[in-house]
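Can you keep this structure in mind? I'll have questions shortly.
The values are calculated or read from the model by the stated rules, or taken from the named source; none is laboratory data. Treat the numbers as computed from the prediction; the structure is a model and nothing was measured. Note: ideal-geometry Cβ built from the backbone for every residue, glycine included; neighbour counts use all protein chains shown.
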Amino acid sequence: MSCRRARHATGHGSRVSFWLALAVLAGCTPPPVQRGEPPPAPPKSEAKEEMHESPVPEGPWRPHLLSRCRGEDEAPAAVERSLSAAYELFRYRAGSDAIMELEICLGRHPHDGLLQLTLGQLYVMGGQGEPELLPREGPAADVGNWPRNRARLLDRAEHLLRGAQSTRPDDGIVDFLLADIHRARGDTTAARVALEAGLGKCTLTRSLDILRRYQRLQGHAPRLLSRIAPQYPQEAVQAGISGEIIADVLINPAGRVVQVVPLSSPDARLTASASAALLQAEFDPARFGKYPLWSWLRIPTRFTLSG
């Protein structure tokens, strides 16, 4: 019985309960797939890390996935079908059915990180006040009281996202969604801790796609907040050397430059000075909606002789 067929058995008039459907599905499920070794923990200080990432040549700014970042961006075929079906239901304003689709599939694949992440995000959105994401059945079913519903939705979201952390430990999106839960509860201290944890991790491609699809997010380029003027090397001044250095800079989710890759320059001394100044620049990082991410940004630095 597929996840989608199970949804129709519970969401469109059948007397079979949601939990009975889960029990039937769980009874015929093979053991969960064993996961590989988790990704290594991120460095404690991204700003001082020695980076050797390769920028993509086209475009003034580009979202970027660090080479050290690994995550489960593919799921079993049955899970992928359920994820697609849930999104189609969500698109057609059947958010409650989308949640039930994923909950039933989660009964068959209880350790799938993408399922947990997607479903957790829907519960976060429901707890933030999306009326179409109030499920009729399941662990956070409507009890007819909004304060109680809200608490149940956010509790279910946190439970799922904590599970996602075990299979996606280097995925900062999980931490950003946990920060959303804490903000919705009014716990600004816990929200700040979760946000800071996410800033030190990766923004995995599939996770960003899940956010973008369900929240209809738009991408925004990094924005320069402060930059130190580079020193004009005295040797270059005496030699009459001027011109423009074009460099790609890698900006982390905290808004710090962690790598500079010169693309063109009239002189190595000017390149060194421009690069040193760029490493001290501060940015509002690139974002999808409010969620920060790694990105490359192309920046010119011009040296002009006076007089």
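Looking at Asp248, is it closer than 17 Å to Ile299 by Cα, acidic (Asp, Glu) and touching a Leu at 6+ places or on another chain (Cβ under 7 Å)?
Yes.
Now for a separate question. Restricting attention to segment 148-190, and to residues there that are outside any helix (DSSP H, G or I) and over 19 Å from the mean Cα position of the chain (by Cα), which single residue is nearest to Gly129 (Cα to Cα)?
In this case the residue turns out to be Gly186.
Report whether or not Leu22 is crowded, with 16+ Cβ neighbours inside 10 Å and at pLDDT below 75.
Spelling it out, Leu22 is indeed crowded, with 16+ Cβ neighbours inside 10 Å and at pLDDT below 75.
Return the residues of segment 207-219 that are crowded, with 17+ Cβ neighbours inside 10 Å and in contact with a strand residue (DSSP E or B) (Cβ under 9 Å, 6 or more places away or on another chain); say none if nothing qualifies.
Ser207, Leu208, Leu211
Still on this structure, I have one more. Go through segment 107-147 and give me each residue that's closer than 30 Å to Pro169 by Cβ, part of a loop (DSSP other than H, G, I, E, B) and in contact with a Phe, Trp or Tyr (Cβ under 7 Å, 6 or more places away or on another chain).
Within segment 107-147, Gly138, Ala140 qualify.
Would you pick out the residues in segment 162-184 that are among the charged types (D, E, K, R) and buried (at least 16 other Cβ atoms within 10 Å of the Cβ)?
Arg168, Asp170, Asp171, Asp175, Asp180, Arg183
Then there's this: Taking Gln128 as meeting all but one of (1) polar (S, T, N, Q); (2) surrounded by fewer than 22 Cβ atoms within 10 Å (Cβ to Cβ); (3) in contact with a Lys or Arg (Cβ under 8 Å, 6 or more places away or on another chain), write down the number of the exception.
(3)
Consider Met100 against the criteria (1) closer than 26 Å to Arg81 by Cα; (2) modelled with pLDDT under 95: it satisfies all of them except one. Which criterion is unmet?
All conditions pass for Met100, except number (2).
What pairs come up if the first residue lies in segment 164-183 and is more than 15 Å from Leu208 (Cα to Cα), the second is among the basic types (Lys, Arg), and their beta carbons are under 7 Å apart, counting only those six or more places apart or on different chains?
Final answer for the pair search is Thr167/Arg35.
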